[in-house]
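Asks: To start, I am sharing the structure in question, which I have written as structure tokens.
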Amino acid sequence: NDPDLVSTMLPTLNRVAGTANVQTQKAVTGAEDFSYFQKEVPGFFFFLGGMTPGNQEPFPHHTPDFRIDESGLILGVKALTELSLDYLKAG
């Protein structure tokens, strides 16, 4: 994650999701090629919660127990839209 870009875009995520619902954490590495793209263009990952109501633990992707609360996708669309607009204004 590009620290400067995260600092610039964090207010957007706070506005869209609410400050109480946004937290920063150390990077989680996976099997992503994203870092190669970031050599050319700054970027960052963010996670969008989608645990179904009533669950006490999230189940990993690609398992039979995985379920997602699709209503959370609305927040994802709003976040990506506002991040894009604010990025264009900042640039």
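The values are calculated or read from the model by the stated rules, or taken from the named source; none is laboratory data. Since the structure is predicted, the reported quantities are computational estimates derived from the model, not experimental observations. Cβ atoms come from the backbone with ideal geometry, glycine included; neighbour counts cover every protein chain shown.
Asks: Filter region 8-47 down to the residues that are within 18 Å of Leu75 (Cα to Cα), surrounded by 10 or more Cβ atoms within 10 Å (Cβ to Cβ) and of a type outside the set (Val, Ile, Thr) and list them by number.
Replies: Passing the criteria: Met9, Leu10, Pro11, Leu13, Asn14, Arg15, Ala17, Gly18, Asn21, Phe44, Phe45, Phe46.
Asks: Among the candidates Gly18, Gly91, which residue alone is at positive phi and without any contact (Cβ under 8 Å) to a residue 24 or more places away in the chain?
Replies: Values: Gly91 fails: at positive phi.
Testing whether each residue is at positive phi and without any contact (Cβ under 8 Å) to a residue 24 or more places away in the chain leaves just Gly18.
Asks: Then there's this: Using the structure shown, decide if Leu73 is in contact (Cβ under 8 Å) with a residue 12 or more places away in the chain, in a helix (DSSP H, G or I) and within 30 Å of Leu88 (Cβ to Cβ). Don't jump to the end; show me each part of the working.
Replies: On the way: in contact (Cβ under 8 Å) with a residue 12 or more places away in the chain: yes; in a helix (DSSP H, G or I): yes; within 30 Å of Leu88 (Cβ to Cβ): yes.
It is true that Leu73 is in contact (Cβ under 8 Å) with a residue 12 or more places away in the chain, in a helix (DSSP H, G or I) and within 30 Å of Leu88 (Cβ to Cβ).
Matching residues to (1) surrounded by 10 or more Cβ atoms within 10 Å (Cβ to Cβ); (2) outside any helix (DSSP H, G or I); (3) not hydroxyl-bearing (Ser, Thr, Tyr):
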site	(1), (2), (3)
Thr52	yes, yes, no
Pro58	yes, yes, yes
Ile68	yes, yes, yes
Lys78	yes, no, yes
Ser84	yes, no, no
Leu88	no, no, yes
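Asks: Also: Of everything in region 16-38, what is assigned to a loop (DSSP other than H, G, I, E, B) and at pLDDT 85 or above? Give them in sequence order. Even if it seems obvious, please write down each step before you answer.
Replies: Going residue by residue through region 16-38, those that are assigned to a loop (DSSP other than H, G, I, E, B) are 18, 22-33.
Of everything in region 16-38, those that are assigned to a loop (DSSP other than H, G, I, E, B) and at pLDDT 85 or above turn out to be Gly18, Val22, Gln23, Thr24, Gln25.
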